[in-house]
Amino acid sequence: MDSSSLYRLFALSAIWGASFLFVKIGAPVLGPVMLIFWRVLLAMAFLLLVAVVMKRRLILLKHWKHFLMFGFFGTALPFLLFAYAASTISASMLSILNATSPIWAAGLSAAWTRQPLSPKSLLGLGLGLGGVALLAGVESMHLPSGGVLAIFSGLAAAFSYGLATVYANHAEAVDPFSNAVGSVIGALAIMTPLLWVSSTPWVMPTPQVMFAVFALGVVCSGVAFLLYFRLVSDVGPAPALTVTFLIPVFGILWGVIFLGESVGWHTLVGSLIVLAGTALVTGFSLKAFNNSLCSTKNTIHNNKNGDNQ
């Protein structure tokens, strides 16, 4: 992983970690449906603008069924579930629940291919579920009515991401940029009728909420999709999974700094258990990541020495 890919990795982690902060700000005011409608609409507008500026040819009509499927399970449904959960649980908790996505993906992939999980993956699955149980058990004692349902909603969102990952691995091949644009268009097609039938009353958002919606759509969806697909293209899907481990770090950090959320012992212990389980399931190697960091530092150091000569 070169220095540019490493910068993209940390930028993407910080952006996706911040998405839970913005959802936490916007969802209680606008409601889940209105918030996610504007999120995917702004994301679509941004990506289409990028396509025009970059003169990218998009293949959309040919794969419309694929984009509807991916837009539902990979965008609209998890976005909605996290937005619903944000009205009750913290941004930190949302980011930790999101980290279980690869665990669900591994279990679903094994069921899809009818290949049993390895003992290492089974141990990781058990650790992940144990970490979530610890978090949910302690959090449920401090949450208002509906807190347990909100936690299950966050887990269902992560499950949906896992399902979308498995589907994408077995779906027809589509270029990454078209996938990004098509998925938000598919999500918008799903959200538009939901907006009309929902009973969410219109409220005039504050400047803070308007900024959160704009950041969610343009930065946390549009820019993030471009960073992610570029990262996958440069280093491959396996190294790009490293972002899963960094998102909760930033999610907790932003929640503490900007929302004043408290981090208890159960949050730290539970998140570490979840991440350990995810690492076992995905085969993530801390040693390999450290070697990648060292390689990047050496590259930067050599480049500086070359410039000084």
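Of Ala43, Ala111, Ala106, all but one fail to be closer than 22 Å to Thr165 by Cα and at pLDDT 95 or above; the exception is Ala43.
Checking Ala173, Ala158, Ala164 one by one, the residue that is among the aliphatic types (A, V, I, L, M) and free of Cβ contacts under 8 Å to residues at least 24 places away in the same chain is Ala173 and no other.
Going residue by residue through the stretch 201-208, is there one that turns out to be part of a helix (DSSP H, G or I) and surrounded by 15 or more Cβ atoms within 10 Å (Cβ to Cβ)? Checked against the condition, which is being part of a helix (DSSP H, G or I) and surrounded by 15 or more Cβ atoms within 10 Å (Cβ to Cβ), the stretch 201-208 yields no hits at all.
Out of the residues in the stretch 19-46 that are over 16 Å from Ser87 (Cα atoms) and touching a Phe, Trp or Tyr at 6+ places or on another chain (Cβ under 7 Å), state the one that is surrounded by the most Cβ atoms within 10 Å (Cβ to Cβ). Restricting to residues being over 16 Å from Ser87 (Cα atoms) and touching a Phe, Trp or Tyr at 6+ places or on another chain (Cβ under 7 Å), the top hit is Arg39. Of all residues in the stretch 138-148, those that are touching a residue at least 24 places away in the same chain (Cβ under 8 Å) and either in contact with a Gly (Cβ under 7 Å, 6 or more places away or on another chain) or in a helix (DSSP H, G or I) (or both) total 3. Within the option set Val148, Val197, being more than 17 Å from the chain's Cα centre (by Cα), within 20 Å of Tyr84 (Cβ to Cβ), loosely packed, with under 14 Cβ neighbours inside 10 Å and not charged (D, E, K, R) holds for one residue only, Val197.
The set of residues in the stretch 93-137 being part of a helix (DSSP H, G or I) and exposed (fewer than 13 other Cβ atoms within 10 Å of the Cβ) consists of Ala111, Thr113, Pro119, Lys120, Ala133. Residues that are surrounded by fewer than 19 Cβ atoms within 10 Å (Cβ to Cβ) and either modelled with pLDDT of 95 or more or in a helix (DSSP H, G or I) (or both) within the stretch 175-189 comprise Pro176, Ala189, listed in sequence order.
Among the residues of the stretch 190-200, just one is without any contact (Cβ under 8 Å) to a residue 12 or more places away in the chain and not in a helix (DSSP H, G or I), namely Ser199.
Taking Ala91 as the residue in question, decide whether it is within 18 Å of Gly217 (Cβ to Cβ) and within 19 Å of the chain's Cα centre (by Cα). Taking the combined requirement at face value, the residue satisfies it.
The values are calculated or read from the model by the stated rules, or taken from the named source; none is laboratory data. Note that the structure is predicted; figures quoted are calculated from it, not measured. Every residue, glycine as well, gets a Cβ built from its backbone with ideal geometry; the counts of neighbours run over all protein chains shown.
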